[in-house]
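Only one structure is covered here, and it is reproduced in the block below.
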Amino acid sequence: MSDYQALNERIITLESLLTRQERIIDALNDEILRLNRIVERLEQRFEAHEARQDNALMLRPLSEEPPPPHY
């Protein structure tokens, strides 16, 4: 095998590896974006739930409040 052929095969191998890496990076990027959307939705749901909890505590009549610990 000549030096030219060996070099050519090496270039082909490197190009193939690079193409594979690019596909993997694209797939990982897509997964990160998908997970980021999920996290954003969960954060919104959590904040909404937290706001409802705060509102419920403020609307609860004092008669429903448990007595202080010294009673």
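The values are calculated or read from the model by the stated rules, or taken from the named source; none is laboratory data. The model shown is predicted, which means the values in this text are computed figures rather than measured ones. Every residue, glycine as well, gets a Cβ built from its backbone with ideal geometry; the counts of neighbours run over all protein chains shown.
Below, the figures for the structure above:
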{"quantity": "Selected residue [modelled with pLDDT under 95, among the polar types (S, T, N, Q) and in a helix (DSSP H, G or I)] from Q44, Q53", "calculated": "Q53"}
{"quantity": "First in the stretch 1-13 and assigned to a helix (DSSP H, G or I), second anywhere and surrounded by fewer than 10 Cβ atoms within 10 Å (Cβ to Cβ), Cβ under 9 Å, 6 or more apart", "calculated": "E9/M1"}
